[in-house]
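First the structure, in the form of structure tokens, and then the observations on it.
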Amino acid sequence: MLQNMLIRWLVGYPKTAFCLCLLLVAITCSGLSKLWISIDYQVYYADDDPYRLALKNLESQYGKTQNAYLVIQHKDPKANAVTAEALQALHQLTESAWQIPFSQRVTSVTNYKFIQAQGDDIKVAPLLDNPSSLSATEIETALQRLQQEPAVNQLLLSNDKTMAAVSVGLHLPDNPIAETRQVTSFIRKLLADFEQRYPQLHFFASGSVFADEVFAVATEQDLLTLIPLSYGVLIIILVILLRSTRAMLLVLSIVTLSVTIAFGIKGWFNPVISPVTAFAPSMIMIIAVADCIHLLNGFMYHRRQSLSHSAAIIETLRLTSRPVILTSVTTIIGFLGMNFSSSPAFHDLGNVVAIGVGAALLLALVMLPAWLLIKPIPVSPKQSVVSRFMPYLAEKLTQHPYFFLAASLLFSLLLIVGISQNKINETFIAFFDNSFEFRQNAEAIDQHLTGLHRIDYILPAAKAEGIFQPSYLQSLASFSHWLRQQPEVAHVETYSDIIKRLNQALHGDNPAKYRIPEKAELIAQYQLLYELSLPYGHDLNNRISFNHDATRMTVRLWLTDSAAILAFDQRVQRWLAEQAPSIVNAQQNLPSDTQGIGIDMMFAHIALNNIPAMYYGTLVALFLISFIIIAALRSLKVGSLGMLTNLLPITMAFGLWGWLSGQVGLSISVVASLTLGLVVDDTVHLLHRYLHARRQQGLSPAAALSTTLASSGVAIVTTSIVLAASFAVLAASHYTPNAQLGLLTAITIIFALIIDLLLLPPLLFLLDQRITQPSVIKEVEHASHS
């Protein structure tokens, strides 16, 4: 009754309905001005995430971990980066690096504070402070001594001397998009200037500040390229399938306004756009098209049945509005299921797409028919190839149901076996393809100089001033020695190395004295003497705590994946528990612990934590969607059958992914929940139309199947092609998580189309004939008396 009243109002007042929709768009789009792009990786983590809290605690004690890494390499592969000219360039670059905005600490081999004996005292001064004034012999001697320094070798200078670096410590505010670009722009101009002055040398940069920048670049690229690409694909496919330019423009207008409403509302409640959220406009557009196509195909179908323009709209709304509403609700539930993700970035994606789907539903049911009433579009009487193919398919399905059923199940099982090949893993550097300068530079540095994965360990002592205890420092020294033997480790920076070097220098540079002193008082005096000798920007505040009750050890790993990082950290924890129990026990008195800390550890854990979270989210969404479909179809057997067959495309897609890649990261972990609401859509339309033919029209199973495919099959094929092609376009993203998400979603939709056309109809046909026919007859009788 309510449905009929709304349809009559819409048909009677189409201009009013159209203007109300435009008013809604105008109100919501005011929030667009509040949107801003975030480059803060912490948008991926909840405020109470333990790994995020650990990093904040570390930065509060020892300073921020942001840095830039400026590298010099000779263009001649046979030459090294420590010639007299190259060292002079490095010296000048080191001095210029202090001018980088927000720089707080600048270190290279030319200003490295080398500890050496000077009588009964020590001298802390650079060995290569002015390379141009040194002879070749003096330079070679200095380099040999510096390469023996753990803090220099494989960090500031490579083993083979092909690369030398300037490490710049930075202190930027939180989410510093403007400041980050200020820093990276300054560095690029600085290096370009040095390239001109030293044309035989190659200068490039990396570091966390460039990693932050590349997130913003990836977001902007997706916004500027994927949305136009999505529009282009939609235009081509819609023109081909709808065979009407006016219909295509109408659909594009609806989907554009749906995106506008969604992001306008987002601007008021959560204005942050992350690389993940940049995916949302294209997703909303793709999903909104499906609703429009179902309605337009229904309208065109009834017009070809010789119904008048308004009668065709009434009949379309009467038969199609219910499944369109049902599929939109299930899609919204699927996306809201992403709120179970351990990453707030995916909560945001799910929520904004859910809003967009709701907006698309409203505009498709109100604005689209209103416009068709105000400005009718011509309908070609000629049927499409798909329309002509559907009766043939229905005939074959009813003639050979067992063949199609067996072939579909066999195909599904062959793919599903591949699920066992999937492993939870993530490679941070692979987030960005080779088109990004950041990745190119990072891989070059990893190959020749040092690892860019950085893990920090806060190693507490038993009490204040406890870091001066010889036993504590011996544990530190043993730990660093063990770390340097691990194949993943490129470099270790630890406080115990400084104390051992001081002890050696104060004993006449005797190599035998490169060890930890035996008295705490002596160690404290050594440190005081050392700190008094250090200039600005070279103090130990980034290594030792204020109360001298803990130290920070920094470990750099060669480029690897999250599984290897987690395995490495587990070995670290075992070693500490077995070899340094005093440090492990002392951590209970501090807010931090000995677990690895840093961005790399955070990313390594997030995919691992997200899998079980999304598992429960998908189960909840599946339960809700199943309940809604069964209730809407008023058939437990048919509704359950539809849900079981809709789990197949998801498992098939993950099986194929196991054969193709096998690496399940953060973005792949949300695909099941994301696609669950999508793949149900076509199944709902098919089942709803089939039951309508059986209940209302009293058709036989074969006739009902033929009618269903003739009326709904075209829309099912059309929407699936549009959805799959559009998500496949998103696979063109240079940001790999988005590309993988788009590709696997497209694969899932294609498999859903195969299941909906080749497995579900024969299964439904056979069950209806052999098992459910009595119940369906009762349903028909009940429907006829109701």
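State yes or no: is Leu502 in contact (Cβ under 8 Å) with a residue 24 or more places away in the chain, in a loop (DSSP other than H, G, I, E, B) and closer than 22 Å to Asn111 by Cα?
On the way: in contact (Cβ under 8 Å) with a residue 24 or more places away in the chain: yes; in a loop (DSSP other than H, G, I, E, B): no; closer than 22 Å to Asn111 by Cα: yes.
Taking the combined requirement at face value, the residue does not satisfy it.
Could you tell me which residue of segment 47-80 is modelled with the highest pLDDT, considering only residues that are over 23 Å from His453 (Cβ atoms) and either among the small types (Gly, Ala, Ser) or out of contact with any strand residue (DSSP E or B) (no Cβ under 9 Å at 6 or more places or on another chain) (or both)? Show your work before the answer.
The first filter runs over segment 47-80 and keeps only residues over 23 Å from His453 (Cβ atoms), leaving 47-48, 74-80.
Remaining after also requiring either among the small types (Gly, Ala, Ser) or out of contact with any strand residue (DSSP E or B) (no Cβ under 9 Å at 6 or more places or on another chain) (or both): 47-48, 76-79.
Working: Asp47: 79, Asp48: 81, Asp76: 86, Pro77: 78, Lys78: 78, Ala79: 82.
Here the answer is Asp76.
Check Glu149, Glu179, Glu195 and return the single one that is closer than 29 Å to Thr494 by Cα and either free of Cβ contacts under 8 Å to residues at least 40 places away in the same chain or not in a strand (DSSP E or B) (or both).
Working: Glu179 fails: closer than 29 Å to Thr494 by Cα; Glu195 fails: closer than 29 Å to Thr494 by Cα.
Only one candidate passes the filter, namely Glu149.
All but one of (1) surrounded by 18 or more Cβ atoms within 10 Å (Cβ to Cβ); (2) out of contact with any strand residue (DSSP E or B) (no Cβ under 9 Å at 6 or more places or on another chain) hold for Gln92; which doesn't?
Condition not satisfied by Gln92: (1).
Conditions tested, residue by residue: (1) touching a strand residue (DSSP E or B) at 6+ places or on another chain (Cβ under 7 Å); (2) hydrophobic (A, V, I, L, M, F, W, C).
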site	(1), (2)
Met163	yes, yes
Val168	yes, yes
His171	yes, no
Gln221	no, no
Leu224	no, yes
Ile240	no, yes
Ser244	no, no
Lys266	no, no
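Tell me the residue from Leu234, Leu172 that is of a type in the set (A, V, I, L, M) and assigned to a loop (DSSP other than H, G, I, E, B), please.
Unique residue meeting the criteria: Leu172.
Which of the strands (runs of 3 or more DSSP E) found entirely inside segment 54-137 contain at least 1 residues meeting this: farther than 25 Å from Tyr530 by Cα?
Where strands (runs of 3 or more DSSP E) fall fully within segment 54-137 and carry at least 1 residues being farther than 25 Å from Tyr530 by Cα, they are 67-74.
Which numbered condition trips up Arg454, out of (1) over 28 Å from the mean Cα position of the chain (by Cα); (2) charged (D, E, K, R); (3) closer than 17 Å to Arg571 by Cα?
For Arg454, the failing item is (1).
Looking only at segment 217-232, count every residue that is surrounded by fewer than 20 Cβ atoms within 10 Å (Cβ to Cβ) and not hydroxyl-bearing (Ser, Thr, Tyr) and tell me the total.
Residues meeting the conditions: 8.
Yes/no per residue for (1) of a type in the set (A, V, I, L, M); (2) closer than 27 Å to Val729 by Cα:
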residue: Ala288; (1), (2): yes, yes
residue: Leu317; (1), (2): yes, no
residue: Pro323; (1), (2): no, no
residue: Thr330; (1), (2): no, yes
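Filter segment 317-350 down to residues that are within 16 Å of the chain's Cα centre (by Cα), in a helix (DSSP H, G or I) and not hydrophobic (A, V, I, L, M, F, W, C) and give me whichever is farthest from Asp681 (Cα to Cα).
Among those residues, the one meeting the criterion is Pro344.
For segment 523-539, enumerate the residues that are small (Gly, Ala, Ser) and modelled with pLDDT under 90.
As a first pass, look at segment 523-539 and keep what is small (Gly, Ala, Ser): 524, 533, 537.
Matches in segment 523-539: Ser533, Gly537.
Regarding segment 598-620, can at least one residue be identified that is outside any helix (DSSP H, G or I), touching a strand residue (DSSP E or B) at 6+ places or on another chain (Cβ under 6 Å) and under 30 Å from Ile458 (Cβ atoms)?
The answer is yes, given that some residue of segment 598-620 is outside any helix (DSSP H, G or I), touching a strand residue (DSSP E or B) at 6+ places or on another chain (Cβ under 6 Å) and under 30 Å from Ile458 (Cβ atoms).
Every residue, every condition in (1) over 19 Å from Val289 (Cα atoms); (2) of a type in the set (Val, Ile, Thr); (3) modelled with pLDDT of 85 or more, yes or no:
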{"residue": "Arg695", "(1), (2), (3)": "yes, no, no"}
{"residue": "Gly713", "(1), (2), (3)": "no, no, no"}
{"residue": "Thr719", "(1), (2), (3)": "no, yes, no"}
{"residue": "Thr745", "(1), (2), (3)": "no, yes, yes"}
{"residue": "Thr748", "(1), (2), (3)": "no, yes, yes"}
{"residue": "Ala752", "(1), (2), (3)": "no, no, yes"}
{"residue": "Leu757", "(1), (2), (3)": "yes, no, yes"}
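Any chance segment 265-274 includes a residue that's within 18 Å of Leu365 (Cα to Cα), part of a helix (DSSP H, G or I) and either outside the structural domain of Ala728 (by TED's automatic domain parsing) or modelled with pLDDT of 85 or more (or both)? Even if it seems obvious, please write down each step before you answer.
First, pick out the residues of segment 265-274 that are within 18 Å of Leu365 (Cα to Cα): none.
Taking every residue of segment 265-274 in turn, none turns out to be within 18 Å of Leu365 (Cα to Cα), part of a helix (DSSP H, G or I) and either outside the structural domain of Ala728 (by TED's automatic domain parsing) or modelled with pLDDT of 85 or more (or both).
Within segment 674-681, identify whether any single residue is assigned to a helix (DSSP H, G or I) and surrounded by fewer than 24 Cβ atoms within 10 Å (Cβ to Cβ), and answer yes or no.
No, segment 674-681 has no match at all.
Restricting to segment 223-253, name every residue that is at pLDDT below 80 and among the charged types (D, E, K, R).
Arg243
Would you call Leu473 surrounded by 18 or more Cβ atoms within 10 Å (Cβ to Cβ) and at pLDDT 90 or above?
yes
Would you mind finding the one in Leu190, Leu170, Leu156 that is surrounded by fewer than 22 Cβ atoms within 10 Å (Cβ to Cβ) and either within 23 Å of His491 (Cβ to Cβ) or more than 24 Å from the chain's Cα centre (by Cα) (or both)?
Testing whether each residue is surrounded by fewer than 22 Cβ atoms within 10 Å (Cβ to Cβ) and either within 23 Å of His491 (Cβ to Cβ) or more than 24 Å from the chain's Cα centre (by Cα) (or both) leaves just Leu190.
Does Glu195 meet the test of being at pLDDT 90 or above, among the charged types (D, E, K, R) and either in the same structural domain as Val289 (by TED's automatic domain parsing) or over 30 Å from Val385 (Cα atoms) (or both)?
Here the answer is yes, as Glu195 does meet what is asked.
Which of the residues that make up segment 542-576 are closer than 18 Å to Lys64 by Cβ, outside any strand (DSSP E or B) and touching a helix residue (DSSP H, G or I) at 6+ places or on another chain (Cβ under 7 Å)?
Selection gives Asn542, Arg543, Ser545.
Going by what's in this entry, would Leu644 be described as touching a residue at least 12 places away in the same chain (Cβ under 8 Å) and assigned to a helix (DSSP H, G or I)?
So Leu644 fails the test.
Which residue, of Ile287, Ile273, Ile261, is surrounded by 24 or more Cβ atoms within 10 Å (Cβ to Cβ) and within 17 Å of Tyr231 (Cβ to Cβ)?
Just a single option satisfies the conditions, and that option is Ile287.
Just to be sure I understand, how many residues within segment 609-628 are under 14 Å from Val670 (Cα atoms), out of contact with any Phe, Trp or Tyr (no Cβ under 7 Å at 6 or more places or on another chain) and of a type in the set (Ser, Thr, Tyr)?
Matching residues across segment 609-628 total 2.
For Ala46, which of the numbered conditions (1) surrounded by fewer than 17 Cβ atoms within 10 Å (Cβ to Cβ); (2) free of Cβ contacts under 8 Å to residues at least 60 places away in the same chain; (3) touching a Pro at 6+ places or on another chain (Cβ under 8 Å) fails to hold?
So the condition that Ala46 fails would be (2).
Which residue out of Ala54, Ala97 is outside the structural domain of Leu190 (by TED's automatic domain parsing), closer than 27 Å to Glu179 by Cβ and either surrounded by fewer than 19 Cβ atoms within 10 Å (Cβ to Cβ) or not polar (S, T, N, Q) (or both)?
After applying the criteria, what remains is Ala54.
Before we move on, is Ala17 part of a helix (DSSP H, G or I), modelled with pLDDT of 80 or more and assigned by TED's automatic domain parsing to the domain that holds Arg318?
yes
Can you tell which of Ser310, Ser306 is in the same structural domain as Ile629 (by TED's automatic domain parsing) and in contact (Cβ under 8 Å) with a residue 40 or more places away in the chain? It would help to see each step written out before you state the result.
Numbers: Ser306 fails: in contact (Cβ under 8 Å) with a residue 40 or more places away in the chain.
One residue alone meets the criteria, Ser310.
The values are calculated or read from the model by the stated rules, or taken from the named source; none is laboratory data. As the structure is a computational prediction, the values presented were derived from the model and not from experiment. Note: ideal-geometry Cβ built from the backbone for every residue, glycine included; neighbour counts use all protein chains shown.
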